[in-house]
Structures are given as C-alpha cells and as structure tokens.
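Beneath this line is the structure, given in structure tokens, with notes to follow.
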Amino acid sequence: MTYNTLLYEKEDGIGTVTINRPDSRNALNGEVYTELYRLFEEIENDAEVRVVILTGSGEKAFAAGSDVVEMAPQNSMEISSFVEKARKASDRIYTLSKPVIAAINGYALGGGCELAMCCDLRIASENARFGQPEINVGVIPGAGGTQRLSRLIGMTRAKELLYTGDMIDASAALNMGLVNKVVPLESLIAEAKELAKKLLTKSGRILALAKAAITSGASMSLSDALDYEAQCFSLCFATDDQKEGMKAFMEKRKAEFKNK
C-alpha cells in the first residue's frame with residue numbers, strides 16, 4: 001500500500017513510520033490522520049513487525065500541529081469529521097498491541113504533541129519543543145490533549161500548559177515526565193532503534209499483555225484494573241514464552257522467546 005503523506009519501512013522486526021509533509025512542518029491534516037489509521041491497522045496485522053518507531057521528516061518538526069489552514073474555514077458541524085479522523089488514528093496508535101516509540105525531532109505542538117502522547121515511549125531530540133497552543137488560536141485540543149497530558153504530567157502542570165499555550169523545551173518535558181529520554185538530534189533515530197531492538201528481545205505476546213493491562217487499566221477503577229491485571233497475568237501462562245522464560249530463569253540462561 002502506498003501513502004501520500006507518510007513514509008514507511010520495516011527491517012528486522014522494526015517498522016518506522018515517518019510523517020512526510022516537510023513543507024508544512026509535518027502539519028497533520030485529514031489525509032495524514034486517515035493514512036496513519038490505515039498504516040497502523042496494517043501494522044497490527046503484520047506479524048513481521050513487532051515494534052514501531054513514529055517520527056517526522058526533516059530536523060525541525062515531529063509534527064508542528066494540526067493543519068490550521070484546513071480547519072479554519074470549517075464550522076462546528078464540519079469540524080466533527082476532522083476530529084473523528086484524528087481520534088480514530090490516535091486511538092489506533094494508542095491501542096496497537098505492539099510497542100510504539102515516538103522519536104520526536106523538533107516541534108511537537110498541538111496535534112503533534114497529542115500524537116506523541118499516543119505512543120508508549122517518547123525519545124526527544126535536544127531541539128524538541130512541546131506544547132498545546134490551541135488556546136492561542138481560539139480552540140482547545142480535540143485529539144486527546146486535555147486528557148492524555150494530565151494523565152502523563154499531572155493535572156496542575158497540564159492546566160498550566162493548556163491555559164497559557166506556552167511551549168516547553170526537551171529538558172522541561174523530561175523533568176515533567178512527558179518524555180523518557182533526551183538525546184542529540186543526530187543520534188535520535190539510532191537511540192530509538194536501540195530501544196526497539198531491546199524490546200525485540202522480549203516476548204511480543206507478553207509485551208502485548210503488559211500494554212493491555214496498563215492502557216486499559218488506566219480508564220478503570222483501581223479495583224477493576226487490578227482484576228484486569230490479574231486476568232492478563234493469568235493469560236501469560238497460556239503462552240509458550242512464559243514456559244520458556246521461567247525455564248530459562250531456573251536454568252540460569254537467557255530466554256529465547258518465540259512470540260508464541
């Protein structure tokens with residue numbers, strides 16, 4: 001399948017998705033969101049891909065936001081179609097059964113920040129900038145910004161960013177817990193691939209259960225989430241990888257997982 005706004009390559013179990021609209025700093029229009037949904041749906045069903053890296057083309061922007069030029073002329077009824085596309089793509093990334101690593105090169109603002117927050121892990125380049133500046137153009141985030149941001153960095157800090165529209169640098173994002181690591185721009189993709197390779201040494205089946213327990217549990221009461229975690233834990237024992245992992249531990253050797 002070919003894409004107009006995305007680049008995609010896969011190698012040795014790692015799929016790399018690149019938002020490719022460099023002339024607009026990788027702004028997210030309806031076509032980008034539609035193609036992201038289609039591509040991540042394809043990745044979900046591709047057993048060869050076990051870890052995904054999401055990044056932006058060029059050195060200045062992961063995604064500088066949703067496309068204001070496309071959104072500006074729309075009324076409240078028309079914009080609902082745009083929001084639906086953004087939500088559909090975001091939820092597809094967030095619920096992917098495989099780990100997704102955001103390699104954030106430059107600006108991740110508005111929709112770009114929302115998209116990064118859909119990923120499981122985030123590595124930022126030193127020149128990365130984050131923010132939800134929607135308030136400055138008379139709107140609020142519509143693709144998860146008011147919800148995922150507060151869950152990641154806490155309600156008080158999230159309100160500050162959402163109410164002021166201010167940008168923060170990579171160092172501040174790291175201190176807030178918005179990103180996992182900050183690295184020089186020139187080593188960003190290499191660092192993301194190293195992390196991806198580390199995840200490839202784990203069981204894909206067990207990683208999927210861990211992700212399900214965390215992401216689904218986040219929207220449950222603590223009691224329900226603990227019950228769901230216990231169910232996911234029990235399902236581990238239906239896999240060959242659990243047997244291999246515990247056998248390897250007892251035999252004092254490295255486990256050789258087969259994702260079964």
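Summary table
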quantity	calculated
Hits in segment 163-177 (condition: part of a helix (DSSP H, G or I) and touching a helix residue (DSSP H, G or I) at 6+ places or on another chain (Cβ under 6 Å))	Met176
Count of residues meeting criterion [more than 30 Å from Ser81 (Cβ to Cβ) and of a type in the set (S, T, N, Q)] in segment 140-180	4
Count - residues of segment 6-21 that are outside any loop (DSSP other than H, G, I, E, B) and touching a strand residue (DSSP E or B) at 6+ places or on another chain (Cβ under 8 Å)	11
Segment 215-239 residues that are within 22 Å of Lys258 (Cα to Cα), paired with ones that are among the polar types (S, T, N, Q) (beta carbon under 9 Å, 6 or more apart)	Cys232/Ser216; Cys236/Ser203; Cys236/Gln242; Thr239/Ser203; Thr239/Asn259
Some residue of segment 151-162 being farther than 20 Å from Cys118 by Cα, at pLDDT 95 or above and either assigned to a helix (DSSP H, G or I) or hydroxyl-bearing (Ser, Thr, Tyr) (or both)	yes
Lone qualifier among Ala128, Ala158 - being under 25 Å from Pro22 (Cβ atoms) and either more than 12 Å from the chain's Cα centre (by Cα) or of a type outside the set (Phe, Trp, Tyr) (or both)	Ala128
The listed residue being basic (Lys, Arg) and either touching a Lys or Arg at 6+ places or on another chain (Cβ under 7 Å) or modelled with pLDDT of 95 or more (or both), out of Lys211, Lys258, Lys254	Lys211
Number of positions in segment 145-169 that are farther than 26 Å from Leu185 by Cβ and not aromatic (Phe, Trp, Tyr)	12
Segment 173-204: number of residues that are farther than 30 Å from Lys258 by Cβ and in contact (Cβ under 8 Å) with a residue 12 or more places away in the chain	11
Exclusive hit being closer than 22 Å to Tyr94 by Cα and either polar (S, T, N, Q) or out of contact with any Asp or Glu (no Cβ under 7 Å at 6 or more places or on another chain) (or both), set Ala238, Ala225	Ala225
Positions within segment 75-92 being closer than 13 Å to Val32 by Cα and either among the small types (Gly, Ala, Ser) or at pLDDT below 90 (or both), in sequence order	Ala86, Ala89, Ser90
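The values are calculated or read from the model by the stated rules, or taken from the named source; none is laboratory data. Everything numeric in this text was worked out from a predicted model, so none of it was measured. Don't worry about glycine lacking a Cβ; one is built from the backbone with ideal geometry, like all the others, and counts go over all protein chains shown.
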